[in-house]
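The values are calculated or read from the model by the stated rules, or taken from the named source; none is laboratory data. The model shown is predicted, which means the values in this text are computed figures rather than measured ones. Using ideal geometry, Cβ is built from the backbone for each residue, glycine included, and neighbour counts are taken over all protein chains shown. Surface accessibility is based on the protein's heavy atoms, side chains included, excluding ligands, DNA and RNA. Shrake-Rupley method; radii C 1.70, N 1.55, O 1.52, S 1.80 Å.
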Amino acid sequence: MSETKILPFVILKHRVVFPRMMLDFDLTQTTAGEAARQAAQSGQEIFFALQREEEPENADASAESYEIGVIAGVKQIIRLPNNQTRILVQGSERARLIGRPDTELPYALAEVVSAPMEPAELSPVEEEALRGSLLELIDAFLQNGPKGNAELGKHLHRAADLARLLEQSIAALPMPTQEKQRLLEAENIVRQFEGLTVILRKEMQILQIRRQIQEKAQSNIDRNQKEYVLREQMRAIREELGETGPMEESERFRQEVEELDAPEEIKEVIRGEIRRFSQLGYNNSESSVVRNYIETMLALPWNRSSEEHLELANARRILERDHYGLEDVKKRVLEFLAVRGRSSAAPSPILCLVGPPGTGKTSIAKSMAEAMGRTYVRICLGGVRDEAEIRGHRRTYLAAMPGRFVQGLRTAKVNNPLMLLDEVDKIGSDYKGDPSAALLEVLDSAQNSRFVDHFIEQPVDLSKVVFVATANTTETIPKPLLDRMEILEISSYTLLEKLHIAKDYLVPGQLEKHGLTKAQLSFRGKALEAIIQGYTKEAGVRNLERRIGEVCRKAVLALAEQEEQGREAERFCVTEKNLENYLGVSRYRKETLQTEPEVGIVRGLAWTSVGGEVLEIEVNTMPGKGELVLTGRMGDVMKESAKTGISYLRSIGEEYGIASDYFAQHDIHIHIPEGAVPKDGPSAGITMASAVLSAVTDIPARQDLAMTGEITLRGRVLPIGGLKEKLLAAKLLGISSVLVPEKNRQDVQLLSEEIRDGMELTYVRDMKQVLAQVLTGGR
């Protein structure tokens, strides 16, 4: 075994030292420079090795390096500014790194052993043949390379033998550093010869490809246009790399057109755009718009439909599985499927689900899509103000794109999805147009079979789409748009309905989301009822679901803490008594019903977006100049109702002994508590009139009675809306007697028995009947 040596160690990057090779380079690392200076002063040699991985230039000796390196002597050393050192070294022999001794010196040491190449058993004839072959390859390589390589070729031809030729060629010819390291590690000169041959042939191929690119670009360029030169070179480079250009994309588009299931006139339009696209330059600004148009046209499901599920039993099972109640919606879906089973030409319905937030309008649409076997697409229209969102942008704009309905078809990949138009009552309008007007064509079954999007500019069939819109109110929907939709009212949930929904849907869903089981957390007794009445005040069940989720989170946190402390997991049982431990103090407390008659206070019923509400309308009279003061954030309609009621009371003043100049000499102040909440609508008309008459005549009004109805100038009582929510609010407060307009009698008949049970409803036609009921001394 060869004798080992302990030498200063320097790791190089991008440099490989070979035996008998003279090389100069700069060292930026302090430790490497110190090693070079120490070797120069002591006449000692240095072991150089190539760095394995990408590290900072001249990394220290702790970095990984190759085992095979070269021992070299330092011929010259020069100090440069910024702690740099320039050295000139000459390799002496190949060596192998076998260890790195620990040292306190300011530079690294390496324990190396000589590793010379194995002798190659070559005859003089074989060696000369290999030498001649290598020289021919080098000459060919230099001819394809840059000019000025003639002297290098002459120098290499003067090499005495194959070994010397290999050393000089590796040192002089350009090649990757890692390839040079492989040549250094070669077992013998034959392997070194083979490796160098492979590298040179590979480099020659690269040079040839570069030359072909340049020649191809040169043949197509205009010498007077520098920009055109650069574009042609880029195009040639892309073609060599196999990247697609306009011609290749055009060919792909043509193949997709032939496979597209669409009318022939649509295919012809696409073919024309493909021909136009192929003639545009790769960097032409219009090419991106044309490409987007072609891709959109190819992606649309012109004749592709999904198979409908017409089994009524399966549809009923899906609808009942996901939602409680909503019988009108479920019935309408089953009716559509039954008709579709008999006639495939039956038009798709255009439904509008109207109801308070949290009543399941959006989620029932998903279940409808599943029950019908249709793809579900949601289009949110809340806050949309630009008509282009519906009809798309014209292609004159660079960022043009199709409207939301065409995009929805592209997403669905079929031409008969179920599209949910969410929040259709919150569409806006501005100088960019009125989106609700653009919806008129979309939602008209007589027109939407040939809907034209500004971007597509071709008729798109929307007649097979089932449209389901959602809204909280119909008041903000334009009448022409409302006329095109079939309205399905989704009213507030009763207490019993909320209990059913909580037990059958919300609690199991929240337990699953929080990773709990029924054994770990359960709701007993009237716990759910207490959550509904004490912690939520809504028409739907959205906040109820949040409160149940809050209970689940508290239980999960407690379980996690018990597991961390190593205690046995506790079973949590939520009851009405311990509910405050999970949700805190009750947020809504049941009001105590005042039953004693009072002067100037009458209870009315109002509808809000979150359900019904009981209003206490208060009236005070005082000497003045006949002014009417209205407070409590009343809307214009409610103010007009108050004035109408007073005008009626002045006309019947004699019947109640009211002086003819009373209203001229007294001010009347009507106030509705909770002044921060906006209030509007005509349904409080009879309530305000009754309260004013009670205050003027000093006759107490019943407090166990609530009412709703619009008043006319002649005292007639007109029908109102939101009757279910209003009756629920009265029942929740404990009021059982309610005055309802006679013309709402049929609406009452449609209400469930749960709502009507225990309610004493009195139907009234005019104010005389109202006053007879509300005033304890009334006539």
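Taken over region 743-776, the criterion of being open to solvent by less than 40 Å² (accessible area, probe 1.4 Å), in contact with a strand residue (DSSP E or B) (Cβ under 7 Å, 6 or more places away or on another chain) and part of a helix (DSSP H, G or I) is satisfied by Val748, Met767, Val770, Val774. Residue count for region 291-321 under the criterion of being open to solvent by 50 Å² or more (accessible area, probe 1.4 Å), farther than 18 Å from Pro459 by Cα and acidic (Asp, Glu): the result is 3.
When Gln594 is tested against (1) open to solvent by 60 Å² or more (accessible area, probe 1.4 Å); (2) of a type outside the set (Val, Ile, Thr); (3) under 39 Å from the mean Cα position of the chain (by Cα), exactly one condition is not met: (3).
Conditions tested, residue by residue: (1) in contact with a His (Cβ under 8 Å, 6 or more places away or on another chain); (2) open to solvent by 10 Å² or more (accessible area, probe 1.4 Å); (3) part of a helix (DSSP H, G or I).
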{"position": "Pro682", "(1), (2), (3)": "no, yes, no"}
{"position": "Ala695", "(1), (2), (3)": "no, yes, yes"}
{"position": "Ala706", "(1), (2), (3)": "no, no, no"}
{"position": "Leu713", "(1), (2), (3)": "no, yes, no"}
{"position": "Lys724", "(1), (2), (3)": "no, yes, yes"}
{"position": "Ala729", "(1), (2), (3)": "no, yes, yes"}
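Is it true that Glu240 is open to solvent by 20 Å² or more (accessible area, probe 1.4 Å), more than 30 Å from Gly272 (Cβ to Cβ), modelled with pLDDT of 80 or more and charged (D, E, K, R)? For Glu240, the condition - open to solvent by 20 Å² or more (accessible area, probe 1.4 Å), more than 30 Å from Gly272 (Cβ to Cβ), modelled with pLDDT of 80 or more and charged (D, E, K, R) - is not met.
Results for (1) in a helix (DSSP H, G or I); (2) more than 30 Å from the chain's Cα centre (by Cα), shown as yes or no for each residue.
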residue	(1), (2)
Phe467	no, no
Ser492	no, yes
Lys498	yes, yes
Lys503	yes, yes
Gln510	yes, no
Gly515	no, no
Ala530	yes, yes
Arg546	yes, no
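Of all the criteria given as (1) within 45 Å of the chain's Cα centre (by Cα); (2) surrounded by 15 or more Cβ atoms within 10 Å (Cβ to Cβ); (3) acidic (Asp, Glu), the one not satisfied by Asp667 is (1). When we screen Asp425, Asp444, Asp461 for residues that are under 27 Å from the mean Cα position of the chain (by Cα), at pLDDT 80 or above, open to solvent by less than 60 Å² (accessible area, probe 1.4 Å) and of a type in the set (Asp, Glu), the only hit is Asp425.
One line per residue, one yes/no per condition, for (1) exposed (fewer than 13 other Cβ atoms within 10 Å of the Cβ); (2) free of Cβ contacts under 8 Å to residues at least 12 places away in the same chain; (3) closer than 22 Å to Gly325 by Cα:
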position	(1), (2), (3)
Ser522	no, no, no
Leu528	no, no, yes
Gln533	no, no, yes
Glu550	no, no, no
Lys554	no, no, no
Ala560	yes, yes, no
Val574	no, no, no
Leu579	no, no, no
Val585	yes, yes, no
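Residue check: Val414 meets all listed conditions (1) in a loop (DSSP other than H, G, I, E, B); (2) in contact (Cβ under 8 Å) with a residue 60 or more places away in the chain; (3) within 21 Å of the chain's Cα centre (by Cα) but one, namely (3). If the condition is being of a type in the set (Val, Ile, Thr), farther than 15 Å from Leu705 by Cβ and either under 57 Å from the mean Cα position of the chain (by Cα) or not in a strand (DSSP E or B) (or both), then region 600-629 contributes Thr608, Val610, Val619, Val629. Within region 335-361, residues that are assigned to a strand (DSSP E or B) have Cβ atoms under 9 Å from residues that are modelled with pLDDT under 80 in these pairs: Ile350/Ser445; Leu353/Leu326, counting only partners at least 6 apart in sequence or on another chain.
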